[in-house]
1. How many angstrom lie between the C-alpha centres of segment A:45-99 and segment A:126-145?
2. Please list log₁₀ I(q)/I(0) at q = 0.19 Å⁻¹ for segment A:104-158, using the Debye equation with identical point scatterers on the alpha-carbon positions.
3. To the nearest hundred square angstrom, how large is the accessible surface buried between B and A, total for both chains, probe 1.4 angstrom?
4. What area, in nm² and to one decimal, does the C-alpha convex hull of the protein assembly as shown cast on average over all directions?
5. Return the long-range amide H neighbours of B:ALA139 (sequence gap of 5 or more, or a different chain), with a cut-off of under 5 Å between placed amide H atoms.
6. I need the P(r) histogram for segment B:29-81: all alpha carbon pairs, bin width 10 Å from 0 out to the longest distance, whole percents.
7. How much net charge surrounds A:LEU75 when only other residues with a Cβ under 13 Å from its Cβ are counted (Lys, Arg +1; Asp, Glu -1)?
8. List every residue whose amide H lies under 5 Å from the amide H of A:TRP81, counting only residues 5 or more places away in sequence or on a different chain, with H placed 1.01 Å from N in the peptide plane.
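The values are calculated or read from the model by the stated rules, or taken from the named source; none is laboratory data. As the structure is a computational prediction, the values presented were derived from the model and not from experiment. Quick reminder, even Gly has a Cβ in these numbers, built from the backbone with ideal geometry, and neighbours come from all protein chains shown. These area figures cover heavy atoms from the full protein model, side chains too; ligands, DNA and RNA do not enter into them. Shrake-Rupley method; radii C 1.70, N 1.55, O 1.52, S 1.80 Å.
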Protein chains: 2
Amino acid sequence: MSTDPSKYVFNHTMIRVKDPKVSIKFYVDVLGMKLITKSEMEAGKFTLYFLAYVDKVPESEEEKRKLCFSMPGVLELTHNWGTENDADFAYANGNKEPGRGFGHIAVLVDDIQKACERFEQLSVKFIKRLQDGSMKHIAFIADPDDYWVEIIENPSIVGRAPI
Amino acid sequence: MSTDPSKYVFNHTMIRVKDPKVSIKFYVDVLGMKLITKSEMEAGKFTLYFLAYVDKVPESEEEKRKLCFSMPGVLELTHNWGTENDADFAYANGNKEPGRGFGHIAVLVDDIQKACERFEQLSVKFIKRLQDGSMKHIAFIADPDDYWVEIIENPSIVGRAPI
């Protein structure tokens, strides 16, 4: 029983996505993550995609997997094959009934004004722009499945707390 | 527009919880996270709790917030006041209809056999024990709101990839 829970690592968050091509493009091209590796599960007819902010994706599959399962801040996207071909198919984003529970993931950016201007130019859907509501220092955008992504300026750069 | 998305940080994942006392006890006592800070939002009648794996919680509120909003691997629990007093109230965990979408969070442990034995002794609810199904190297437990938490052995310690 000599396991030390204080040494555990919050490794990843998993969300299901309808179309991995669209989602990966969003998380890589818009949000700047890197696709590290994937696992195709033939028996269950699903594929798992692992993304994270890393400077460099290792070359060997072994190193990719070691990295994916040792660092915090990994995003796992699960694709159940075929959902992308069903026009009516949609996952719940967790923020409305039925299905309220999960809220969002949050990404720290270097300059929130410039980051939001860039999202606008990339035609990203906004849930809350900086100027909306009372909290002028955060924004919410939506990923392709309408999961919310909170955008916060990194206080380690600007030296202030955002909330 | 000189914002560099590759430098962004996947900071936190937010889930709503029915009773913060019960949830914080689970994430702190069972899973070993530390409660870093909280934000009471009087106007919206909700409180946000920020937890993470850190060696030490800073003393000043400013340092706590800087830490919370600069590191990856933070868990944000949102408590809408009063839900804990409604016996029938429950959030969707994302893994069944209606409300399927969000899947789970995952925690890396130092020794998965010992970690699971400890969870058993603490009467934690298992979704999948190590011996269940075909994937003998991972387990799933449930948090107090029935959100799934995947348990994986940290390959940076044992030197192997878990999937």
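1. With segment A:45-99 and segment A:126-145 each reduced to a Cα centre, they are spaced 23 Å.
2. -0.60
3. Interface between B and A: roughly 6000 Å².
4. For the protein assembly as shown, averaging the hull's shadow over all directions gives 16.9 nm².
5. B:ILE151
6. 25, 51, 24, 1
7. My count for the surroundings of A:LEU75 gives 0.
8. Amide H neighbours of A:TRP81: A:PHE46, A:THR47.
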